[in-house]
1. Filtering region 241-263 down to residues that are of a type in the set (A, V, I, L, M) and within 21 Å of residue 218 (Cβ to Cβ), which residue is surrounded by the fewest Cβ atoms within 10 Å (Cβ to Cβ)?
2. Among what's in region 170-203 and is among the hydrophobic types (A, V, I, L, M, F, W, C) and without any contact (Cβ under 8 Å) to a residue 40 or more places away in the chain, pick the residue that is surrounded by the most Cβ atoms within 10 Å (Cβ to Cβ).
3. Would you mention how many residues in region 140-164 are buried (at least 16 other Cβ atoms within 10 Å of the Cβ) and polar (S, T, N, Q)?
4. Looking for something touching a residue at least 40 places away in the same chain (Cβ under 8 Å), assigned by TED's automatic domain parsing to the domain that holds residue 310 and more than 16 Å from residue 328 (Cα to Cα) - is there at least one such residue anywhere in region 245-255?
5. If we keep just the residues of region 261-281 that are over 29 Å from the mean Cα position of the chain (by Cα) and among the polar types (S, T, N, Q), which is farthest from residue 238 (Cα to Cα)?
6. Which number in (1) in the same structural domain as residue 216 (by TED's automatic domain parsing); (2) part of a loop (DSSP other than H, G, I, E, B); (3) within 30 Å of residue 60 (Cα to Cα) marks the one condition that residue 166 misses?
7. Please count how many residues of region 276-335 are surrounded by fewer than 18 Cβ atoms within 10 Å (Cβ to Cβ) and farther than 30 Å from residue 176 by Cβ.
8. Can you name the residue in region 121-147 that is outside any strand (DSSP E or B) and β-branched (Val, Ile, Thr) and, of all such residues, is farthest from the chain's Cα centre (by Cα)?
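The values are calculated or read from the model by the stated rules, or taken from the named source; none is laboratory data. All of these numbers come straight from a predicted model, not from anything done at the bench. Here the Cβ positions follow ideal geometry from the backbone for every residue, glycine too, while neighbour counts run over all protein chains shown.
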Amino acid sequence: MIRINVLICTLLVTACMQSTAVMSTSDAPQWVNSEPEMYPNFKYLSATGSASKAEQAKARALSNLAKIFEVQIREVSTTSQDVQTTKLDGEETVQSSARIASTVNLKTDKMVQGARIAEQWQSSTDLTYYALAVLDRTQAGNNLRGEMNRLDEETQYALNQQEKRDDPLLKIADLHRANALQQDRQVLQKTLKIIDVRGKGAPASWNLAELNEKLSQQLRALPMRTEVKLDDVGGLSSVLQGAASRSGFNVGNGGYVLSASLEADAPIKQQDWHWLRATLKLQLLAQDGQTVIGYESWPLKVSASSASQLPQRMLKAADKKLNSVLLSSVLDFAS
């Protein structure tokens, strides 16, 4: 929200400088209630804003224009899931694991460059101010293509680096970055197809599914073993191994060390409920078993009507947390 507010202030200064509209208190112009005739939808993106002050009306119009991009980006930005089915000795196993869920860094500042306040009007009835913000579709498309070109250049660099690496963890970091960059690009491509009157956009040079598979292969090839340093509730070892396997790692006896600990406080009782707090810690160690590559921790809290239920509930909470964050944490460590 801070970025958007700064963006709006910047655009407002520019828009005010570019606007040649004259304030009027006559009957409401056509653009207040419908598509502006001078700025048809096939050529322009437009949005209106109203307020008790002229500057606020212009700011709201520009904000509403920026929201067009935000809504479209959020609608197509989703968490992808990989479902893998394998057979071993005739027994079928199905694994579903969350893959790279790219949090798209909204680039609305670049997308709406060139937006301007084209028209202004004040109602003589209630003195409300109205403003019309417009952005040429061609210019918006060029802004998007520029951002997509940047993502492609960074993707190519990451893939080139990956080819030169000997360290398997660094290879994974490069592939993870390339994958995330192309997921961001895919979102922009879908937005561009909406903005582009031809509906074509700019197709990607890489297949996202192939990049995903390549990353999965590197994860499975990464030598890794699990280790529990401290477990105050019991059962953390099997939970850690299960989460690592579901995340796509091939857990064995050597290689990098994925270490976890679960340190619990003393249980407390409040009225009729028992509470237990604990800290779940995760470390990735180099193959020497000593050098810490990455570290992260999470506070956990559970409650139960009986104190005897607390350890099992805490273990379940740790299991849920590890399954949701283990892969992304290791990828962050590698990066």
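1. Step one: list which residues in region 241-263 are of a type in the set (A, V, I, L, M), which gives 243-244, 251, 257-258, 260, 262.
Applying the additional criterion that residues be within 21 Å of residue 218 (Cβ to Cβ) yields 243-244, 251, 257-258.
On the way: 243: 26, 244: 22, 251: 18, 257: 20, 258: 24.
Filtering region 241-263 for residues that are of a type in the set (A, V, I, L, M) and within 21 Å of residue 218 (Cβ to Cβ), the one surrounded by the fewest Cβ atoms within 10 Å (Cβ to Cβ) comes out as 251.
2. Within region 170-203, the first condition is being among the hydrophobic types (A, V, I, L, M, F, W, C), and the residues that meet it are 170, 172-173, 175, 178, 180-181, 187-188, 192, 194-195, 197, 202.
If we keep only those that are without any contact (Cβ under 8 Å) to a residue 40 or more places away in the chain as well, we get 178, 181.
Details: 178: 25, 181: 23.
By that ranking, first place goes to 178.
3. 4
4. Scanning region 245-255, I find no residue that is touching a residue at least 40 places away in the same chain (Cβ under 8 Å), assigned by TED's automatic domain parsing to the domain that holds residue 310 and more than 16 Å from residue 328 (Cα to Cα), so the answer is no.
5. As a first pass, look at region 261-281 and keep what is over 29 Å from the mean Cα position of the chain (by Cα): 263-277.
Filter again for among the polar types (S, T, N, Q), leaving 270-271.
Numbers: 270: 31, 271: 34 Å.
Step by step, filter region 261-281, then rank; the result is 271.
6. (3)
7. So the count comes out to 11.
8. Step one: filter region 121-147 for residues outside any strand (DSSP E or B), giving 123-128, 137-147.
Those still in the list that are β-branched (Val, Ile, Thr) too: 125, 128, 138.
Details: 125: 45, 128: 38, 138: 27 Å.
By that ranking, first place goes to 125.
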